Amino acid sequence: MICSECGGTLRETREPVVEEYRGERFSVSGIRHFVCDACGNYELLAEDADLLSEKIAAQYEERHKLLTPAEIRETRASLGMTQVEFEELLGVSSPTCSRWENGVVQQSKTVDRLIRVIAGVSGAREFLEQLGKVSTANYAAEIIPFIPPTRGGAHAVTPSFESTKEG
Ligand SMILES: [Zn+2]
């Protein structure tokens, strides 16, 4: 194989790979890859790239004590909520919850902590549900007219709201 960066020869190896993820460095060993000794570039086959991503996500999960995909599913189920309801409560788009629970996407530390608060702190869920209702009501009632400026100078910015589901 030829290096796509410099045209040098690639060498197959399983030396540790150091990659950055969410601003942190992770070293993963045992991943087959092809390294160019001339320029330092390395290349992976698609299946090995997937494996590398999985291992980095697992290290991140352990380092930050994140809930596992199964634990997210269990937590949501214990609250008696559907994925869509849980997404609305957390303020994330659909199908984010399904992606977390299937391990396709890893939740942020912020979301992880929010889930723990909802599950562990009495009244937290009700507070968020109330917050959702209030903001929906405001969006529906508050129509802000845009008045174009009559003189030169700074232009007003028209507020735009995403359509929010009722309930
Ligand atoms: Zn190279």
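The values are calculated or read from the model by the stated rules, or taken from the named source; none is laboratory data. Bear in mind that the values here come from a model prediction, so they are computed numbers and not experimental data. Neighbour counts run over all protein chains shown; Cβ positions are idealised from the backbone, glycine included.
Taken as a whole, region 52-69 holds at least one residue that is among the basic types (Lys, Arg), within 30 Å of Arg25 (Cβ to Cβ) and either in contact with a strand residue (DSSP E or B) (Cβ under 9 Å, 6 or more places away or on another chain) or in contact (Cβ under 8 Å) with a residue 40 or more places away in the chain (or both). Looking at Gly80, is it at positive phi and at pLDDT below 95? Judged against the criteria, Gly80 is not a match. In the set (1) more than 23 Å from Tyr21 (Cα to Cα); (2) of a type outside the set (S, T, N, Q); (3) in contact with a Pro (Cβ under 8 Å, 6 or more places away or on another chain), the condition left unmet by Glu88 is number (3). Only a single criterion out of (1) within 30 Å of Leu51 (Cβ to Cβ); (2) at pLDDT below 95 is not satisfied by Arg113, namely (2).
Looking across region 70-101, the residues that are surrounded by 15 or more Cβ atoms within 10 Å (Cβ to Cβ), β-branched (Val, Ile, Thr) and touching a residue at least 12 places away in the same chain (Cβ under 8 Å) come down to Ile72, Thr75, Val92. Output yes when any residue across region 102-113 is more than 28 Å from Phe26 (Cβ to Cβ), touching a helix residue (DSSP H, G or I) at 6+ places or on another chain (Cβ under 8 Å), exposed (fewer than 13 other Cβ atoms within 10 Å of the Cβ) and not assigned by TED's automatic domain parsing to the domain that holds Phe26, and no when none is. For region 102-113, residues more than 28 Å from Phe26 (Cβ to Cβ), touching a helix residue (DSSP H, G or I) at 6+ places or on another chain (Cβ under 8 Å), exposed (fewer than 13 other Cβ atoms within 10 Å of the Cβ) and not assigned by TED's automatic domain parsing to the domain that holds Phe26: absent.
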